[in-house]
Amino acid sequence: MRGPRRVRRGPRTAGPVRAASTGHAHLGRYRRRRALGDTMVTMALDLFAGIPVSDYASALAWYERLLGDAPAFFPNDTEAVWELGEHRYVYIAVRPDRAGRAMQTVVVGDLDDRVARIAGRGLEPAMRERYPEGMHKVTYRDPDGNEFAFGGLSS
């Protein structure tokens, strides 16, 4: 019986790392996570968190109310992108077969004020949770059922 093939490692790059074909799919995923984890220390980190939706127009209007602003840009006719912070984005994309399955949490320093501003725009939380050490999580659900939460300290 042959043992697993060794993976030849070259210099680490930001691109995906492919494992040698060993018949162990999980091994490739492990190596990819490890390699990407190692490079995150030395490279800038950009985040694009996607939210699949079924109806673009209603999702666009709902997320504008939730986030309090129009999208930063529109990559195409079925996506809209909001910049939450430098190099940190959230986007909606029309993907009806996957709609309603996203769960996003953004930790903020002004949770109470943010929730009040969102309420002023006509949205109420679907759920509020309290954690030890004073942390709170306020969850909203879009028309498809995707969860978008804000977490932080609350008074």
P143 fails exactly one of the following numbered conditions: (1) part of a loop (DSSP other than H, G, I, E, B); (2) over 24 Å from F48 (Cα atoms). What is the number of that condition?
(2)
Would you check if there is a residue in region 121-136 being touching a Gly at 6+ places or on another chain (Cβ under 6 Å) and in contact (Cβ under 8 Å) with a residue 24 or more places away in the chain?
no
Does at least one position in region 26-49 carry a residue that is at pLDDT 95 or above and assigned to a helix (DSSP H, G or I)?
no
Strands (runs of 3 or more DSSP E) fully within region 53-97 counting 1 or more residues that are under 23 Å from A119 (Cα atoms) and open to solvent by less than 60 Å² (accessible area, probe 1.4 Å):
79-85, 88-94
Can you run down the residue pairs with Cβ atoms below 7 Å, 6 or more apart or on separate chains, where the first is in region 54-70 and over 15 Å from G100 (Cβ atoms) and of a type in the set (D, E, K, R) and the partner is open to solvent by 60 Å² or more (accessible area, probe 1.4 Å) and part of a helix (DSSP H, G or I)?
none
Mind counting the residues in region 118-155 that are open to solvent by 70 Å² or more (accessible area, probe 1.4 Å), of a type in the set (D, E, K, R) and within 25 Å of A70 (Cβ to Cβ)?
3
Taking the options V107, V115, name whichever one is open to solvent by 80 Å² or more (accessible area, probe 1.4 Å), out of contact with any Lys or Arg (no Cβ under 8 Å at 6 or more places or on another chain) and within 19 Å of L153 (Cβ to Cβ).
V107
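The values are calculated or read from the model by the stated rules, or taken from the named source; none is laboratory data. In this text the structure is predicted, and so the values were computed from the model without any measurement. Note that each Cβ is placed from the backbone with ideal geometry, even for glycine, and that neighbours are counted across all protein chains shown. When the accessible area is computed, the model is the full protein with side chains, heavy atoms only, and any ligands, DNA or RNA have been set aside. Shrake-Rupley method; radii C 1.70, N 1.55, O 1.52, S 1.80 Å.
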